[in-house]
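Data block below; observations after.
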Ligand code: HEM
């Protein structure tokens, strides 16, 4: 089959075809090393639409962001969930949901995502604030004001992991914090390190110890345990209630679904929080503007920031932090490398512009790679430079970005697109805002002298927010004013 697949030649009406010399792998190695440079080089030679053989799959890349809307709105012949429905169960260890064994389950799961928005988002945002303060206070605010040192990524992940966990799943019935949180986080990081290989369908038994770690992670979410926790979000409660409707889902299957959502809720958020903090801390002038904005929103609401008192910020107040939001968006622009994937359900002709069509074969993947757009100098001047106020103009959010003189409908896509767009995006932005707000009002933060800048680890190209390849040492102390 592989040889037959490799023998494919370009037919009339199809985009240029790039196969490489190694059957099956095709261009996988080059793509994996540096996807952005790889795609830019092929765009230069082959134009803005081309097909590449990557790890046994023919992937057609639509590079020109002006063409994105034609793919995003195209529902009939392009399947949104086929890829994730195939890959997620094997990665997280639950039975295939759309196998016919669980009628209505995929639809109910999709519907549950609405609890990450609207009124429930307000509740989650409020609860997140309390949880962030709890962890910051107990682990980082000792009341003394001398400098202390810490690794930046370590700080981000330990605070955000636990606060997000408590907000989503709730707390034990008799205490505020779960025992075993540090182990859970470390196990999740170990699993997450293998995530690119699991997604590439390397069997889990080949990845030393990963299966046992995944089982340990799954066991943390046994339905009997979850049901004893309090302050659980409506989102998780609703999902637990949905799973109860299916006798064919065993307790461990249900637990595996909960574990998958834990990964979805922190897998990208933790590195995204890191980059948002990192760029601010290494740009003290940007940090000063953002801190000033936070202080003035607090002041206008009559709030005095006191580390010993609870601080609550409404969604409306968070929405007014436009410099902060711009700085987060700018760090997402620089650090996100997700691939938006659609699978062709049949052979068909995909319209890309009024007069432009390409022939697509059944089973082929159509992909958008927004990192190429995020780094396009025509859209973003000096794209490799961090400009904290890039998404801010005349006192409001800047939303007009252009290519070829035409305004782009999609210009920033860290959260995917169309019907696979991340349902947790509002919560994610809010929680990063809350984390940074508390950090900036409680602490002075500086990078220690002699630290090398962080570089991105390319291994997650295509899968979401890139991780830092190395950590960076900071010092922090309680703010005096
Ligand atoms: C899906 C990014 C945070 C829950 C996605 C996808 C992307 C993404 C790109 C789409 C994958 C695809 O195209 O198939 C991010 C980023 C985040 C973030 C960059 C943080 C900065 C969150 C949070 C939650 C969450 C906090 C939950 C609380 C989900 C879920 C899906 C998803 C459940 C799957 C949706 C579906 O199956 O239709 N995310 N995400 N995400 N995300 Fe997020």
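Below, the figures for the structure above:
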item: Angle in degrees between helix 284-300 and the longest Cα principal axis of the chain, rounded to the nearest 10; result: 60 degrees
item: Point-to-point label distance, residue 107-residue 308, nm (Cα→Cβ direction, 7 Å offset); result: 5.7 nm
item: Residue-span extension gain [residue 285 to residue 378] - 0.36 nm each, minus C-alpha spacing; result: 30.9 nm
item: Over the chain, relative contact order from alpha-carbon pairs under 8 Å, at least 6 apart, %; result: 24 percent
item: Residue 451-residue 99 FRET efficiency (beta carbon distance; Förster radius 60 Å; 0.05 resolution); result: 0.75
item: Cα-based shape type of region 229-381, given that a ≥ b ≥ c are square roots of the gyration tensor eigenvalues and the cut on a/c is 1.5; result: oblate
item: Angle between the chain longest axis and helix 152-169 axis [Cα atoms, degrees, rounded to 10]; result: 90 degrees
item: Pair residue 9, residue 208: separation of 7 Å Cα→Cβ label points (nm); result: 4.7 nm
item: Alpha-carbon centroid distance for the pair region 465-480 / region 382-401, whole angstrom; result: 24 Å
item: Protection-proxy order for peptides 360-368, 189-197, each taking the mean of Cβ atoms within 10 Å per residue, highest first; result: 360-368, 189-197
item: Proxy reagent accessibility, fewest Cβ within 10 Å first, across 390, 33; result: 33, 390
item: Region 275-317 and region 353-370: distance between their alpha carbon centers, rounded to Å; result: 44 Å
item: Spin-label zone in region 330-373 - amide nitrogen under 14 Å from a point set 7 Å from the Cα of residue 403 along the C-beta vector; result: 340, 352-353, 367-373
item: Relative contact order for region 338-460, counting Cα pairs under 8 Å that sit 6 or more residues apart, in percent; result: 17 percent
item: Full-extension gain in nm, residue 355 to residue 186, via 0.36 nm per residue minus C-alpha separation; result: 55.6 nm
item: Model label zone, residue 148; criterion: amide N under 19 Å from point 7 Å along Cα-to-beta-carbon; scope region 183-211; result: 183
item: Near-label residues of region 28-69 by backbone N, under 19 Å of a point 7 Å along Cα→Cβ of residue 362; result: 57-60
item: Between 0 and 90°, nearest 10: helix 118-139 axis offset from the chain longest Cα axis; result: 60 degrees
item: Estimated inter-spin distance, residue 301 and residue 201, nm [label 7 Å along Cα→Cβ]; result: 4.9 nm
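Where a number appears in this text, it was derived from the coordinates with a stated rule and is not lab data. All values derive from a computational prediction rather than experimental measurement. Neighbour counts are summed over all protein chains in view; Cβ atoms, including those assigned to glycine, are modelled from backbone coordinates with ideal geometry.
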